[in-house]
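The values are calculated or read from the model by the stated rules, or taken from the named source; none is laboratory data. On a predicted model such as this, the values are computed, not experimentally measured, just so you know. Accessible surface areas use protein heavy atoms only, side chains included; no ligands, DNA or RNA. Shrake-Rupley method; radii C 1.70, N 1.55, O 1.52, S 1.80 Å.
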Amino acid sequence: MPRKHKVFVTPNTHWDREWVQTQIQYQVRLVKLVDKLIGILETDRAYRSFTFDGQTIAMEDYLAIKPEESGRIRRLVSRGRIVLGPWYVLADQFMEDGESTIRNLMLGFRQARELGAEPMKVLYVPDSFGSIDSLPMFGAGFGIPYASWGRGRQPGVADEKMEMRWVAA
């Protein structure tokens with residue numbers, strides 16, 4: 001008899017605004033993406049939510065170009081249709097110090113709340129090629145009990161063994 005699996009799909013984007021293109025080139029792509037997303041979220045109730053890569057800066061970049069869409073964005077964010085934070089911007093954990101990590105989370109929390117929502121209570125770290133040992137401590141300090149990551153997992157480890165309890169030093 002086949003095994004049943006429960007699958008969770010989280011529509012999202014991995015938004016590296018500082019990588020291959022200039023910020024302006026990324027903003028052009030971002031505006032197209034968010035305009036299309038707003039249309040989907042306002043017309044398709046089955047499309048429940050969209051997660052902006054654990055960071056809030058994408059909304060800042062979008063609203064810098066289209067401030068007239070602030071009301072629509074706030075409405076979708078406050079209803080949980082657009083999920084933001086907890087980070088202001090995804091950062092390379094090994095290139096910043098503890099104060100920068102705290103300020104990054106503080107800005108993410110502030111910006112999410114200014115847009116009408118509590119930030120996501122998951123330390124979203126899509127590139128886990130190594131994380132600082134104090135990351136669970138920072139999360140706990142902000143009331144974030146969970147972490148999630150994607151790339152950088154150890155090959156050959158079964159999915160059901162990827163859940164763990166992570167405690168700071």
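Leaving out ligands, DNA and RNA, and with a 1.4 Å probe, what % of the accessible surface on the stretch 1-97 is carbon or sulfur?
That share works out to 56 percent.
Can you give the accessible area per residue of the stretch 1-94, in Å², using a 1.4 Å probe?
Details: 5860 Å² over 94 residues.
With the other protein chains kept in place, the stretch 1-94 gives 62 Å² per residue.
Between the stretch 13-84 and the stretch 104-121, how many Å separate their Cα centres?
One Cα centre to the other: 15 Å.
On a full-extension model of 0.36 nm per residue, what is the gain between residue 64 and residue 31, subtracting their alpha-carbon distance, rounded to one decimal in nm? Don't skip to the answer; put the middle values down first.
Numbers: separation 33, 0.36 × 33 = 11.88 nm, distance 1.00 nm.
Result: 10.9 nm gained on full extension.
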